[in-house]
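The values are calculated or read from the model by the stated rules, or taken from the named source; none is laboratory data. Since the structure is predicted, the reported quantities are computational estimates derived from the model, not experimental observations. Heads up, the Cβs are rebuilt from the backbone with ideal geometry, glycines too, and the neighbour counts pull from every protein chain shown.
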């Protein structure tokens, strides 16, 4: 499913919004560990100066939030902190930080999926429009807990998707896990719980914002709760 956003949405906050997130207490032992605090970012990433640091994305930020919603997502702020995203069957629903763009860096968040797939977007932008809707371009790292597998795909200005990396996960995902992507030039390395998966290459998109998404796949709707969203620059 492709992501679309409502055209001419209004920017709602400054780009410098940074809220403290607890420091990592240790390195996860594997993909199957239950992880609720983001692991330390990979080597070569400036972990001391995040561009985005949001424990509860789009929630508790009044009077406005810097996160914008795509056309097919419903958001609910949970009692325990975090945002719950839901989307219909065969749809992709996201919240995104359009106010913060970068070319190279690392994005991550803690995901708690209920059904469907967890999807982390990066290097995103706006493509062609269709009436009141605008196609969202960029990359997506999709994790399917039902099959313990992943894919990385891109979406172009017309919404056409291209899957250029996929594979099994070496373990069974727990209730919570850290999903992340390191991107530098045309190299893209996905991470689960701070553990790198094989690096892929693709030159299609070079800069853009991050997004937190849920996807309805295999005949099911999508639902994922996210906490602790982070975007880091590379170290100088």
Can you pull out the residues in region 84-109 that are surrounded by fewer than 24 Cβ atoms within 10 Å (Cβ to Cβ) and over 16 Å from residue 209 (Cβ atoms)? 84, 86, 88, 89, 90, 91
Search region 103-124 for residues being part of a strand (DSSP E or B) and more than 14 Å from the chain's Cα centre (by Cα), and hand back the single one that is farthest from residue 34 (Cα to Cα). 115
Part of a loop (DSSP other than H, G, I, E, B) and out of contact with any helix residue (DSSP H, G or I) (no Cβ under 6 Å at 6 or more places or on another chain): does that describe residue 75? no
Find the residue count for region 154-183, including only residues that are surrounded by 17 or more Cβ atoms within 10 Å (Cβ to Cβ) and free of Cβ contacts under 8 Å to residues at least 60 places away in the same chain. 2
Residue pairs within 6 Å by beta carbon, gap of at least six or interchain, first lying in region 110-135 and without any contact (Cβ under 8 Å) to a residue 60 or more places away in the chain, second assigned to a strand (DSSP E or B), listed first then second, are 127/135; 127/137; 128/135
What number of residues in region 197-230 are within 16 Å of the chain's Cα centre (by Cα) and in a strand (DSSP E or B)? 17
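To keep it simple, each residue is scored yes or no on (1) over 16 Å from the mean Cα position of the chain (by Cα); (2) surrounded by 18 or more Cβ atoms within 10 Å (Cβ to Cβ); (3) assigned to a loop (DSSP other than H, G, I, E, B); (4) at pLDDT 90 or above.
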residue	(1), (2), (3), (4)
14	yes, no, yes, no
33	yes, yes, yes, yes
38	no, yes, yes, yes
43	yes, no, yes, yes
Would you mind finding the one in 224, 201 that is touching a strand residue (DSSP E or B) at 6+ places or on another chain (Cβ under 7 Å) and in contact (Cβ under 8 Å) with a residue 40 or more places away in the chain? 224
